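Notes for the one structure printed next.
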Amino acid sequence: MNEDVRFIAPQAQHLDQLASLLAESFPDIDAQPRRYFQKYYLTNSAYSLQASRIALVDSTIVAHCGVFSFYVRIGKTRLKIGGVGGVFTRSGWQKQGISRRLLEEVLISLEKNRCSVTLLSAIENFYDQFGYVPAWPDTQVHIKASELSSLVLPQSRRSFKPMCQEFLTTLYNRESKNHVFTAVRPTYTKRIKTDSGAKGCFWKRGYVIGRAVKQTWHVQEVVGDVGQSLAVVAAMAKQHRCPAVVFRGLTGSHPLAIELKKYDTRFDTHFRKSGGAMIRLLSLSLFLKAMAKELTARMERSQLTWRGTLYLTFGTQRAGLRINGCQVEVAPPGKGAHSIKGNNEMVQLLIGSIGAEELLARKVISIAGDGLTLASTLFPACSPKLARGDFF
């Protein structure tokens, strides 16, 4: 690596240059990519100057690794996460270990900023070496627009451009409060992050965002009454001459997905070995401390009465959960009869993307004593998903 390369947190004076370089690296993100990065991505968003990193040679930026810091919902918990995005290395500076060093610097900064989990949208076979694993599967739901044509449309509908208006944030947060790993918005304060060419339609209690791609209406985000939302989707598809509709980013337990199963639909679920949404646990103890109230609530709902300490081991990190009836609190690390041990994949258990029994069958975690019962109670599979509009 060139000894002249410096790794620092970006400052305000770097933003113009950074916006130009991001636009060169990701030209398809918007019709006006430089304006998008300058006005909506690097500013007026959850982008963190403090946690992000750039590589500088003199005053020239040669690489960047951005961080978006915000909170997601896991039941009663509001978990602070670090989303990694906008990663690039300029031509002529690649294959020198700069991107590796940048990411290592970012992971250190995330822990200092008390983020227990980091998430990114990844290329295949690269971020695995840094401890990232697939966060959740990708599901697309396909249906003919004609299947939904008989549904009743809500009154007083209006079109809108993907600007982040306050009432849209309110509607989203209200509907998402019981969905796992949804962002506490706003993550983007001036514009909802959408695919290029997206259109929106809203009414008093909901909205739909989507775009036409080769005679298929791609639905990015839906909020509101299920029946009314599907009626609006069908109307937007018809307006844009799309006989087919695809919903992207739904989980199988989402009310919309459940409703769609009543129709002639096709669910395509892609389980990735690498790439796509990938996640890494940074701090086991910090995660468990943030989750303590939610873990107590889960014990209460289960009506399981148990007393003792469950010991968790994640790689070289260790922590305990002291359980007294339903009350759960973080305890010092130790050894005992009841335990859960795992490596990178253990984060899939902790956030609820894969249940304990499946991870045990895959032999990526080991369990002793009452560990399986406690793991299934404290960390049940719950279909977590971060919406596309909150990615980075």
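The values are calculated or read from the model by the stated rules, or taken from the named source; none is laboratory data. In this text, all values refer to a predicted model and were calculated from it rather than measured experimentally. Cβ: placed from backbone, ideal geometry, glycine included. Neighbour counts: every protein chain shown. Ligands, DNA and RNA are stripped out before the accessible areas are found, and what is left, the full protein with its side chains, is counted by its heavy atoms. Shrake-Rupley method; radii C 1.70, N 1.55, O 1.52, S 1.80 Å.
Can you name every residue in the range 179-203 that is among the basic types (Lys, Arg) and either open to solvent by less than 30 Å² (accessible area, probe 1.4 Å) or more than 17 Å from residue 235 (Cα to Cα) (or both)?
Listed by number, the residues that qualify are 185, 190, 191, 193.
Looking at the range 112-125 only, could you name the residues that are within 23 Å of residue 47 (Cα to Cα), outside any helix (DSSP H, G or I) and open to solvent by 10 Å² or more (accessible area, probe 1.4 Å)?
Across the range 112-125, the qualifying residues are 113, 114, 121, 122, 123.
What pairs come out if I take residues in the range 352-379 that are within 11 Å of residue 310 (Cα to Cα) and open to solvent by less than 60 Å² (accessible area, probe 1.4 Å) and pair them with residues that are among the charged types (D, E, K, R) and in a helix (DSSP H, G or I) whose C-beta lies under 6 Å away, six or more apart or interchain?
378/298
Tell me, yes or no, whether the range 72-87 has at least one residue that is part of a loop (DSSP other than H, G, I, E, B), of a type in the set (A, V, I, L, M) and within 22 Å of residue 220 (Cβ to Cβ).
no
Six or more apart or on different chains, Cβ atoms under 9 Å: show the pairs whose first residue is in the range 315-328 and farther than 12 Å from residue 341 by Cα and whose second is open to solvent by less than 10 Å² (accessible area, probe 1.4 Å) and at pLDDT below 95.
Taking only residues 6 or more apart or on different chains, not a single pair turns up.
Restricting attention to the range 30-62, which residues are buried (at least 17 other Cβ atoms within 10 Å of the Cβ) and either within 16 Å of residue 195 (Cα to Cα) or polar (S, T, N, Q) (or both)?
30, 33, 36, 37, 38, 40, 41, 45, 48, 52
Give the range 157-197 a look and list any residue that's more than 21 Å from the chain's Cα centre (by Cα), of a type outside the set (A, V, I, L, M, F, W, C) and assigned to a strand (DSSP E or B), or say none.
Selection gives 158, 159.
Do you know which of the residues in the range 204-226 that are closer than 16 Å to residue 256 by Cβ and charged (D, E, K, R) is most open to solvent (accessible area, probe 1.4 Å)?
Ranking the qualifying residues of the range 204-226, first place goes to 205.
Which pairs do you get when a residue that is within 10 Å of residue 137 (Cβ to Cβ) and touching a residue at least 40 places away in the same chain (Cβ under 8 Å), found in the range 264-277, comes within reach of a residue that is surrounded by 10 or more Cβ atoms within 10 Å (Cβ to Cβ) and among the aromatic types (Phe, Trp, Tyr), reach meaning Cβ atoms under 9 angstrom, with the pair 6+ apart or on two chains?
276/136; 277/136; 277/391
With respect to residue 315, determine if the residue is at pLDDT 95 or above, over 28 Å from the mean Cα position of the chain (by Cα) and open to solvent by 10 Å² or more (accessible area, probe 1.4 Å).
no
Would you list the strands (runs of 3 or more DSSP E) that sit entirely within the range 227-301 and hold 3 or more residues that are in contact with a strand residue (DSSP E or B) (Cβ under 7 Å, 6 or more places away or on another chain) and over 25 Å from residue 79 (Cα atoms)?
244-248, 266-270
Every residue, every condition in (1) touching a Ser or Thr at 6+ places or on another chain (Cβ under 7 Å); (2) within 26 Å of residue 136 (Cβ to Cβ); (3) of a type outside the set (A, V, I, L, M); (4) modelled with pLDDT of 95 or more, yes or no:
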| site | (1), (2), (3), (4) |
| --- | --- |
| 182 | yes, yes, yes, yes |
| 190 | no, no, yes, no |
| 199 | yes, no, yes, no |
| 219 | no, yes, no, yes |
| 231 | no, no, no, yes |
| 239 | no, no, yes, yes |
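Which one of these is modelled with pLDDT of 95 or more and in a helix (DSSP H, G or I): 383, 366, 353, 376?
On inspection, the qualifying residue turns out to be 376.
Residues being under 18 Å from residue 103 (Cβ atoms) and aromatic (Phe, Trp, Tyr): count how many of those fall in the range 9-54.
Counting residues in the range 9-54 that are under 18 Å from residue 103 (Cβ atoms) and aromatic (Phe, Trp, Tyr) gives 2.
Looking at the range 94-111, which of the residues that are out of contact with any Ser or Thr (no Cβ under 6 Å at 6 or more places or on another chain), in contact (Cβ under 8 Å) with a residue 60 or more places away in the chain and of a type outside the set (Asp, Glu) is surrounded by the fewest Cβ atoms within 10 Å (Cβ to Cβ)?
97
Which numbered condition in (1) touching a helix residue (DSSP H, G or I) at 6+ places or on another chain (Cβ under 7 Å); (2) of a type in the set (A, V, I, L, M); (3) without any contact (Cβ under 8 Å) to a residue 40 or more places away in the chain is the only one that residue 81 fails?
It fails just one condition, (1).
Every residue in the range 140-156 that is at pLDDT 95 or above and either under 30 Å from the mean Cα position of the chain (by Cα) or over 27 Å from residue 268 (Cα atoms) (or both), please.
Selection gives 140, 141, 142, 143, 144, 145, 148, 152, 153, 154.
Find all pairs meeting these conditions: Cβ atoms under 6 angstrom apart; at least six residues apart or on different chains; first residue within the range 20-35 and farther than 12 Å from residue 87 by Cα; second residue in a loop (DSSP other than H, G, I, E, B).
Pairs that qualify, where the first residue is farther than 12 Å from residue 87 by Cα and the partner is in a loop (DSSP other than H, G, I, E, B), are 30/196.
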